[in-house]
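Novice: Structure in structure tokens, see below.
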Amino acid sequence: MELYVNQNRTLAKRDEMIFGHFLEHFHRQIYGGVFDPCNPLSDTDGFRTDVLEALKKIRTPIIRWPGGCFVSAYDWKEGVGKNRQPVFDKAWRVEEPNTFGTDEYALLCQKLGAQMYICSNAGTGTAEQMSDWLEYTNLEVGKYAQMRKENGHTEPYKVRYFSIGNENYGSWEIGAKEKHEWARLVTEAAKMLKRVDPEVQLSAAALSDADWTMELLTHAGRYLNWVSIHRYWDPIHTTNDHASYEKAMSYTCKLDSEIQKTQGLLVAMGLKKQIHIAFDEWNLQGWYHPGIHSAIPETDETKWLTPRDENDDNSQYTLADAVFTACVLNMFLRHADCVRMANFAPSVNTRGMIFTHKNGIVLRSTYHIFDLFVNQMGETIVDSWMPEQPVMTFTGPEGGPLQIPVLDTVATLRADGKTAISLINKSPADTVQISLSGCGKSGTLYTVTGENISVYNDIEHPDSVKITQRTLSITSPVTLPPHSVSVLVCD
Ligand code: AHR
């Protein structure tokens with residue numbers, strides 16, 4: 001197998017925000033996750049220092065918050081001020097203590113050096129309530145700026161990224177909308193938000209579906225900087241019936257179909273230069289929360305509340321997740337011209353890359369993939385090609401045979417001038433030898449893999465999956481282990 005790299009042909013420069021994160025008020029992402037004031041591992045502001053350190057190591061560029069479905073009935077005013085009252089969270093049917101709100105979120109982002117990306121309530125919320133929230137975060141004057149100052153935060157937070165709504169196209173969402181309702185609400189909300197802060201970058205819940213998004217862009221396109229799209233490839237929200245390794249790899253076929261279709265809509269509307277894609281919720285696995293989105297939700301807690309704890313089972317996050325996640329990051333790099341933000345959903349607990357327990361954290365397999373891509377890959381995508389590519393045949397989602405390319409590679413140029421190439425071997429069993437042309441004579445190979453496709457990290461075995469590295473000559477073929485993700489940094 002031969003891989004050719006042409007460092008002189010730049011394809012695009014990626015935005016660091018494709019390595020973004022998402023945290024929702026769901027299960028243990030916030031409370032007991034990143035925010036755990038009673039835990040001795042937390043700092044004086046209540047944030048888990050081990051979680052902060054792990055998020056700093058992967059240079060978290062942006063965090064989307066507070067939802068997700070949660071936000072579509074959330075009143076941001078209840079999460080600020082000195083007299084926080086618990087409320088009933090109608091999205092997830094649990095008590096929201098409101099001890100973590102906008103000011104705590106702003107502090108979290110400040111501690112990490114991450115941009116704030118607020119997703120606002122366009123379910124029960126109004127254009128005025130959304131724009132009042134932006135007044136609270138970004139203005140020096142007015143009632144809500146005064147409220148922020150009285151809450152002890154004199155300086156505005158200067159939130160740059162603000163989303164109108166979350167999945168308001170979905171019947172599961174509180175305050176779901178028809179396409180024409182959505183277009184009108186986004187238009188009026190965007191108008192007010194831009195009046196509050198003309199520099200705020202606005203996104204709105206969109207789909208790769210033409211019907212919904214053409215209506216949105218026709219009415220509100222002139223105000224928007226982003227369209228927000230989501231995908232959980234393995235839809236196990238009500239079953240927790242995980243895809244096999246082979247099925248997870250079959251999802252890597254046509255991985256960019258949503259991006260292709262959404263980009264096509266932006267081109268058709270002449271908005272490709274003005275509006276970028278924020279893939280602001282993505283993960284292989286859908287979150288497990290049965291009995292909530294049916295017309296009449298379950299009443300037996302063992303059927304809708306306690307099952308959420310099963311998201312905490314670390315054995316579910318194997319090399320299938322690691323290899324799949326790397327393929328998605330490669331996809332974002334290949335589409336760096338239009339996908340300028342992406343947010344792993346979520347970052348802490350649930351299906352996240354970091355699992356917290358009372359005495360520490362577990363870095364799941366997907367964390368090491370982010371560590372590899374953020375810290376070893378470059379920001380400039382350069383041309384690379386393989387004249388021939390091995391394929392493997394799996395059973396496709398429809399049951400028929402599906403041919404899948406074994407290798408997935410992207411070549412980049414780093415700020416230090418070195419070539420860094422992601423080399424993913426999706427085969428569950430076969431080693432691949434790859435010869436490199438145009439990459440010099442030696443390098444360092446950083447690899448994430450494990451003994452078999454089912455390995456995972458947990459409290460007792462935190463390093464079953466980790467990054468290993470070795471220096472090597474690349475004048476002869478490089479060996480890529482099965483089910484592995486590597487980045488070769490050429491000297
Ligand atoms: O399963 C979690 C939910 O997935 C998020 O709250 C929502 O945005 C998406 O539908």
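Novice: Among the residues of the range 284-298, write down those that are near the ligand (Cβ under 9 Å from one of its atoms) and buried (at least 21 other Cβ atoms within 10 Å of the Cβ).
Specialist: Within the range 284-298, Trp287, Tyr288, His289 qualify.
Novice: Hey, which of the strands (runs of 3 or more DSSP E) in the range 34-120, taking only ones fully inside, have at least 3 residues that are farther than 21 Å from Tyr144 by Cα?
Specialist: 62-65, 87-89, 94-96
Novice: Take the residues of the range 170-182 that are open to solvent by 30 Å² or more (accessible area, probe 1.4 Å) and farther than 16 Å from Ala295 by Cα: which is farthest from the ligand (Cβ to nearest atom)?
Specialist: Only one residue fits best here, namely His180.
Novice: Okay, next question. Being away from the ligand (no atom under 16 Å from the Cβ) and either assigned to a loop (DSSP other than H, G, I, E, B) or among the β-branched types (Val, Ile, Thr) (or both) is the filter here, so list the residues in the range 329-352 that pass it.
Specialist: His335, Ala336, Asp337, Cys338, Val339
Rundown of residues vs (1) outside any helix (DSSP H, G or I); (2) under 24 Å from Ala122 (Cα atoms), yes/no style:
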residue: Thr238; (1), (2): yes, no
residue: Glu246; (1), (2): no, no
residue: Gly264; (1), (2): no, no
residue: Lys272; (1), (2): yes, no
residue: Phe279; (1), (2): yes, yes
residue: Asn283; (1), (2): yes, yes
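Novice: Still on this model: Among what's in the range 421-447 and is surrounded by fewer than 20 Cβ atoms within 10 Å (Cβ to Cβ) and within 18 Å of Asp383 (Cβ to Cβ), pick the residue that is modelled with the lowest pLDDT.
Specialist: Gly438
Novice: Of all residues in the range 299-328, which are in contact with a helix residue (DSSP H, G or I) (Cβ under 7 Å, 6 or more places away or on another chain) and surrounded by fewer than 13 Cβ atoms within 10 Å (Cβ to Cβ)?
Specialist: Passing the criteria: none in range.
Novice: Next question. Let me spell it out: the conditions are (1) in a helix (DSSP H, G or I); (2) among the aliphatic types (A, V, I, L, M); (3) over 14 Å from Thr102 (Cα atoms), and Ile174 meets all of them except one. Which number is the exception?
Specialist: (1)
Novice: Has the range 129-152 got at least one residue that is open to solvent by 60 Å² or more (accessible area, probe 1.4 Å), in a loop (DSSP other than H, G, I, E, B) and among the hydrophobic types (A, V, I, L, M, F, W, C)?
Specialist: yes
Novice: Ok, one more. Looking at (1) open to solvent by 40 Å² or more (accessible area, probe 1.4 Å); (2) within 16 Å of the ligand (Cβ to nearest atom); (3) not in a loop (DSSP other than H, G, I, E, B), which is the one condition that is false for His27?
Specialist: It fails just one condition, (3).
Novice: On to the next question. What residue, among those in the range 440-487 that are in contact with a Phe, Trp or Tyr (Cβ under 8 Å, 6 or more places away or on another chain), in contact (Cβ under 8 Å) with a residue 24 or more places away in the chain and in a strand (DSSP E or B), is nearest to Lys358 (Cα to Cα)?
Specialist: Ile467
Novice: Shifting gears a bit: Which condition number in (1) more than 16 Å from the ligand (Cβ to nearest atom); (2) free of Cβ contacts under 8 Å to residues at least 24 places away in the same chain; (3) in a loop (DSSP other than H, G, I, E, B) is the one that Tyr157 fails?
Specialist: It is condition (2) that Tyr157 fails.
The values are calculated or read from the model by the stated rules, or taken from the named source; none is laboratory data. Remember, predicted model here, so these are calculated numbers, not experimental data. Glycine gets a Cβ as well: all are built from the backbone with ideal geometry, and neighbour counts include every protein chain shown. The protein model used for the area step is the full one, side chains on, heavy atoms only, and it has no ligands, DNA or RNA in it. Shrake-Rupley method; radii C 1.70, N 1.55, O 1.52, S 1.80 Å.
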